[in-house]
């Protein structure tokens, strides 16, 4: 029984393999996160206009003047400045095309001394700044709201050093995540974090936002893996703990304040991070199940049986997979029908034979118990990457029809999917959603995410952004999360989108303490203003 | 060749098994950390006297008066106070019997509200306090220097809740580590930290000191595993992030400030921590090697081949094992002779057969390459615990002849053992050390520790404490560490012992930032004064 179930999986895998060979549309896992043509022609309205009822430019900030430009030119030369309006657009807009700032200047420093000189000048002259990495954030945190100067870290992009005995990697904040991981691959190591935007996002950006991503389940959070940071404070002071070893217990762990502060305390310019050995064997299974209850049961079993080799456990609902199939113009790898839920399981270990045996035993058991209805195991690297595509393309697919309202939440597992159901009920009551009817502004609310971390992504796919839709969803979504003692941001941060909602996840005392720290280190408030603190 | 080497190991294991059966002196792994009779009769001098040339009572702190006692009695009742001099001794002295304070009062609160009321009163009345957990610290951080009030957390000792789906454990700060782990064992989970003092130390204490311990290699640091804290600030404010889920990205991660602050910012009263599944299979191998170079090579190989199942990699030098054998009055498990270095390797996994195969393949290779000279694999739980005893008894053994100067350092792996060699050379030059000659004040400098984390414990075993010995060792040891860019405290903290040496591991800017945070949250300086900040 067990063996025959596995054979079914194997046959599906062979089918998938052929299908992939026939369709070369998707060949790599890491899709470039650039808005698709279908909606890139529309102009994104200024954030300042969309939210004119809520936010106004603070007159305490000076406007950029010619002598400021001269000063910055003296630091980074003309090549390090962007002032042309067309070129500025990429930096002013977020990739979801929901927010658009009006900055007149991007500065691209090349050294920590340059960052220090720039911030010191801005601080003395009350020039507001917004730090920006790869501009792949999902809460509008790295784009200006008004005319803040954008400090883009893309020119600080060198690997500084790697110790192949300890696995400690030191690098500039502007190194692209995928480049860091490719460097590590050659050394037999892996970056302890992975996410869909890896081809664009910066290492400094993910640390600044405390990104979680796909392998937190296995390698833990950045609060544990980041060993040291180099960061510039608003007054130009350079904080440096890059020499820290794996264990250092001398004084308060100050670097932790920068992890997740979203550029409101200073600019991270360098990162020292502990990297694990690269797994020598990987497996990916894609499963279809018929209820959210089954998703939970499969997870509990997987954690028990796959234990130390389980490296990802992702779930997706049926609607998001339907939208993904439309977007990719591909048939779904699970051919036996449409299912309400899908699961992607990844294992990473040091011995392929052992891992195969563990995975097959586990899947055999899950099928025998009736938890899993159908499934597929990748037979080679290409299939493995292709299965991942069905998970990693979901964000793009849900945005492709016009836009997407994204909510990234953490809720105890049992209640996790309830939020998607509640959102769909709310949209139905408002009569504004339909998968087929293109006159309705909302397509659907879908759910997917990292079950292993209790982390759900609620994506509300829309045909257009509007204040009416936002009013239907907010604060409804935040109130629902608060009622379940959840967090309104599991891994995306608060940025601009959730600036008014921190109170749903943090107590007044916590918010007061956060503000005290902010005021202490950034008394003039030049760092990333109009955001959550 | 490979198989026959393994058989040798198996035979040794059988021998060990018999020997253990014959000697029941050591039956459990967790030795109680109480000074042995041989030196408990001596009176420990007051820290204030020993260091009278360096430290004086700050007159800004009020002395305890009868009305203060009345106030505290009103909060915790008479049962919650200790004022009898004999009973106070345990709390005034550290377990190494190196430091002794002169506190007239121990308070044992039972609730967070009581802690809040106590601290608020102390803050308003300038009464200095020192928080204390299980009093197992190694740097004199949890003992008073003068007459500070000791706030002992042992009466806040309840498990609050456990979620068996997520593995999130919430508990009072005063729960003993071993009790927490035994609770988790019944649920199929494990506490993500283990250390020799587990039978006495408190969970709140290990978090406050950011303890590392034996399994950091596998489960990572407390900065990653602690999800939330409840802590009382000096003014009585209760900070609470106990509801935090595995992922929460809303604002600065304030709890991180308390992790490793050693009771200088407030008192941790509750901890929420993410616990991994308990491994279903464990193996322990004890190996003899002939050089420190071989230790490093075995480590690199172990990490590659044992990868996800490697849960501890500890090394011990020959001298510390000789002292341990004397102390335990047992023959060493490796019988074929004395070796300069020993290694303990632990694996933890979900499939015994797979783990055995990986370990045997690895050990076979290591013996074939000539890296390992002799070795033994535990054949059952009793043997496994007994082999651990040879590692975990080292701290006691090095203290048993009179006392021990402990240095807990982090240095890049290649230089790690060089510190022990340098210390022994220095002691030899001073002519004050001998293993046999009991007229010499120093026995020897020995080294052991967590190779996997680059963490060395340099223990200088002495027949008596003296300022002369201390002057030979300090600042020499700290200067040596600084010259290798190491940390002067990997996991023990700074406490009193290293209060003047933080500058060897932290820059002036970092120290300034630490002091700013301290002054902000504890403007009256009542929390654990005379320590490192």
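One table, with the values for the structure above:
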| read-out | value |
| --- | --- |
| Helices (runs of 4 or more DSSP H) lying entirely in the range A:213-309 (those with 2 or more residues that are facing chain B (nearest Cβ under 7 Å)) | A:222-225, A:255-258, A:292-306 |
| Selected residue (only one of B:396, B:425 is modelled with pLDDT under 95 and away from every other protein chain (no Cβ under 14 Å)) | B:396 |
| Test result for residue A:533, in contact with a helix residue (DSSP H, G or I) (Cβ under 8 Å, 6 or more places away or on another chain), modelled with pLDDT of 95 or more and either more than 7 Å from every other protein chain (Cβ to nearest Cβ) or assigned to a loop (DSSP other than H, G, I, E, B) (or both) | no |
| Residue list for the range B:476-488, filter: in contact with a helix residue (DSSP H, G or I) (Cβ under 6 Å, 6 or more places away or on another chain) and within 7 Å of chain A (Cβ to nearest Cβ) | B:488 |
| Subset of the range B:489-522 [at positive phi and at the interface with another protein chain (Cβ under 7 Å from one of its Cβ atoms)] | B:493 |
| Unmet criterion (only one of (1) within 24 Å of residue B:490 (Cβ to Cβ); (2) surrounded by 24 or more Cβ atoms within 10 Å (Cβ to Cβ); (3) modelled with pLDDT of 95 or more) for residue B:270 | (1) |
| Some residue of the range B:242-250 being out of contact with any strand residue (DSSP E or B) (no Cβ under 6 Å at 6 or more places or on another chain), modelled with pLDDT of 95 or more and surrounded by fewer than 24 Cβ atoms within 10 Å (Cβ to Cβ) | no |
| Among (1) under 24 Å from residue A:492 (Cα atoms); (2) modelled with pLDDT under 95; (3) touching a helix residue (DSSP H, G or I) at 6+ places or on another chain (Cβ under 6 Å), the one test that residue A:406 misses | (3) |
| Residue among B:333, B:395 that alone is crowded, with 22+ Cβ neighbours inside 10 Å and part of a loop (DSSP other than H, G, I, E, B) | B:333 |
| Total residues in the range A:187-196, condition at negative phi, in contact with a helix residue (DSSP H, G or I) (Cβ under 8 Å, 6 or more places away or on another chain) and either within 12 Å of chain B (Cβ to nearest Cβ) or crowded, with 23+ Cβ neighbours inside 10 Å (or both) | 5 |
| Number of the exception - residue B:361 against (1) assigned to a helix (DSSP H, G or I); (2) touching a strand residue (DSSP E or B) at 6+ places or on another chain (Cβ under 8 Å); (3) within 14 Å of chain A (Cβ to nearest Cβ) | (2) |
| Lone unmet requirement of (1) touching a helix residue (DSSP H, G or I) at 6+ places or on another chain (Cβ under 8 Å); (2) at pLDDT 90 or above; (3) crowded, with 23+ Cβ neighbours inside 10 Å; (4) within 22 Å of residue B:261 (Cα to Cα) for residue B:460 | (4) |
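Conditions tested, residue by residue: (1) at pLDDT 95 or above; (2) surrounded by 19 or more Cβ atoms within 10 Å (Cβ to Cβ).
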position	(1), (2)
B:39	no, no
B:42	no, no
B:50	no, no
B:54	no, no
B:77	yes, no
B:88	yes, yes
B:95	no, yes
B:113	yes, no
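Here's the yes/no breakdown for (1) in contact (Cβ under 8 Å) with a residue 60 or more places away in the chain; (2) more than 20 Å from residue A:389 (Cβ to Cβ); (3) over 15 Å from the mean Cα position of the chain (by Cα):
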site: A:171; (1), (2), (3): yes, yes, yes
site: A:188; (1), (2), (3): yes, yes, yes
site: A:197; (1), (2), (3): yes, no, no
site: A:202; (1), (2), (3): yes, yes, no
site: A:207; (1), (2), (3): yes, yes, no
site: A:213; (1), (2), (3): yes, no, no
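The values are calculated or read from the model by the stated rules, or taken from the named source; none is laboratory data. No experiment lies behind these values; they were computed from the predicted model shown. Cβ: placed from backbone, ideal geometry, glycine included. Neighbour counts: every protein chain shown.
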